Amino acid sequence: MTRALIFPGQGSQAVGMGKALAEAHPAARDVFAEVDAALSQNLSRIMFEGPAEELTLTANAQPALMAASLAVLRVLEAERGLDLSRDIASVAGHSLGEYSALAAAGTFSVADAAKLLRIRGEAMQRAVAPGEGAMAALIGAELEAAREIAAEAAEEAAGGGVCDVANDNGAGQVVLSGHKAAVERAVSIAQARGIKRAVLLNVSAPFHCSLMGPAADAMREALGAVRIAAPIIPVYANVRAAPVTDPEAIRAALVEQVTGTVRWRECVAAMAGAGVDTFYELGSGKVLTGLVKRIAPGAAASPVGTPDDVAALPTL
C-alpha cells in the first residue's frame, strides 16, 4: 500500500469530537492541552461538551478541527508505531485542514497552527459584514459549468457583485462564494440549467472568494511572523493541487488559499496519480473519505477519529 493522510475542513466539527480519544490515550490529551495553552482557552471543553453554537464559531471550529486531527496522529505514532516519513507518501487537508497537514508534516508546531487558525478564523469572520455574503453548493455540476454559472451570476446580479468558485470538491460538487445577491442569482441560474441540486449553505461568511482580501492580508502578516520548516513529506497545497516543500512557497500558498479555490478534486487525483492507493482521514467526520471514493474509485479510504478506528487500523 501507498498511503496518504488527509485532514478535514470546517463543517466536520461535532460536539464530542476527540473526547473518547482523550479519555483513552495520553498522547491525545497532550495535544488538547497544548492547544488550550496556546490559545489561553479551554477549547477542548467546548469540543467535548459544547455548546454546538460555540464550537461552530469559525474562530473556534478551525483550531478545534486541527486539534482533533493532530490528536489522532499523535495516538497513531505513540500506540501504533506510525512513522510519517517511513509509512506515509503525502498529506493534504481541505481548507483549514491544510494547516493540520502542515503541522503533521512538521512545518508548524501544533501551538503555532492553533494560533494561526485562530487568527484566520477571526479574520475571515471580520472580512465581510454579516448578511452581505453567501455560499452555495452545486450538486451535479462539473467545474467548468460552475465557473460559467458564477460568471453569469456576478454579471447579472443587481449592482454586480462577486461570485467565485470556492471549492471544487469533486464528484460533481462545486461550492460558490461571494456577495449574497450574486450567489442567490447563481442558484437560480443553476436550477434553470437543470443542475441536480443548488442550495444556499448555512455559513457565517463567504469563504474562499475575493471578498476575503482583508483576511488574506491578515494571514500574510501572521504567517510572516511564524517559522515555517520544510515538511518531512510532501504536502499538497489546495491552491496548487501539487506538492509544496519550500517554506516560502508554503507561506505564499496559504495566503492565496484565503481568497483562492480549494482544488480538492485535483489534489486527490494528483495523489492517486502519484501512486497513493490508500487514504486515511484523520480527525472528525468522514466527509473527505466519501469524496475520495468518488474522485479515485480505485483507492481505499477510511476515517480514523475514535479509539475503535485506531485499533481497527491495519498494521502500518
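The values are calculated or read from the model by the stated rules, or taken from the named source; none is laboratory data. Source: prediction; values computed, not measured. Neighbour counts run over all protein chains shown; Cβ positions are idealised from the backbone, glycine included. Side chains included, ligands, DNA and RNA excluded: accessible areas come from the protein's heavy atoms. Shrake-Rupley method; radii C 1.70, N 1.55, O 1.52, S 1.80 Å.
Any residue that is of a type outside the set (Val, Ile, Thr), within 21 Å of Gln257 (Cβ to Cβ) and open to solvent by 10 Å² or more (accessible area, probe 1.4 Å) - is there at least one of those in region 84-94?
Taking every residue of region 84-94 in turn, at least one turns out to be of a type outside the set (Val, Ile, Thr), within 21 Å of Gln257 (Cβ to Cβ) and open to solvent by 10 Å² or more (accessible area, probe 1.4 Å).
Do we find that Ser204 is small (Gly, Ala, Ser), assigned to a loop (DSSP other than H, G, I, E, B) and at pLDDT below 95 in this structure? Show your work before the answer.
Details: small (Gly, Ala, Ser): yes; assigned to a loop (DSSP other than H, G, I, E, B): yes; at pLDDT below 95: yes.
Considered against the rule, which asks whether it is small (Gly, Ala, Ser), assigned to a loop (DSSP other than H, G, I, E, B) and at pLDDT below 95, Ser204 comes out as yes.
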If you go through Val187, Val258, the only one that is in contact (Cβ under 8 Å) with a residue 24 or more places away in the chain, assigned to a helix (DSSP H, G or I), among the aliphatic types (A, V, I, L, M) and more than 19 Å from Gly9 (Cβ to Cβ) is Val187
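Return the total of residues in region 180-225 being of a type in the set (Gly, Ala, Ser) and closer than 30 Å to Pro247 by Cα.
Summing the residues that are of a type in the set (Gly, Ala, Ser) and closer than 30 Å to Pro247 by Cα in region 180-225 gives 9.
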Residues in region 104-131 that are more than 22 Å from Val287 (Cβ to Cβ), in contact (Cβ under 8 Å) with a residue 24 or more places away in the chain and not in a helix (DSSP H, G or I) total 6
*asked:* Given the criteria part of a helix (DSSP H, G or I) and open to solvent by less than 10 Å² (accessible area, probe 1.4 Å), does Ala20 qualify?
replied: no
If we ask which residues in region 283-308 are surrounded by fewer than 22 Cβ atoms within 10 Å (Cβ to Cβ), part of a helix (DSSP H, G or I) and either out of contact with any Ser or Thr (no Cβ under 8 Å at 6 or more places or on another chain) or of a type in the set (A, V, I, L, M) (or both), their number turns out to be 6
When Arg45 is run through (1) open to solvent by less than 60 Å² (accessible area, probe 1.4 Å); (2) without any contact (Cβ under 8 Å) to a residue 12 or more places away in the chain; (3) part of a helix (DSSP H, G or I); (4) not hydroxyl-bearing (Ser, Thr, Tyr), the failure sits at (1)
A careful count of residues in region 163-194 that are open to solvent by less than 30 Å² (accessible area, probe 1.4 Å) and more than 20 Å from Trp264 (Cα to Cα) gives 6
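Scan region 94-103 and tell me whether some residue there is among the charged types (D, E, K, R) and either in a helix (DSSP H, G or I) or within 19 Å of Arg240 (Cβ to Cβ) (or both).
Taking region 94-103 first, the residues among the charged types (D, E, K, R) are 98.
Within this subset, residues satisfying the condition of being either in a helix (DSSP H, G or I) or within 19 Å of Arg240 (Cβ to Cβ) (or both) are 98.
Yes, region 94-103 has at least one match.
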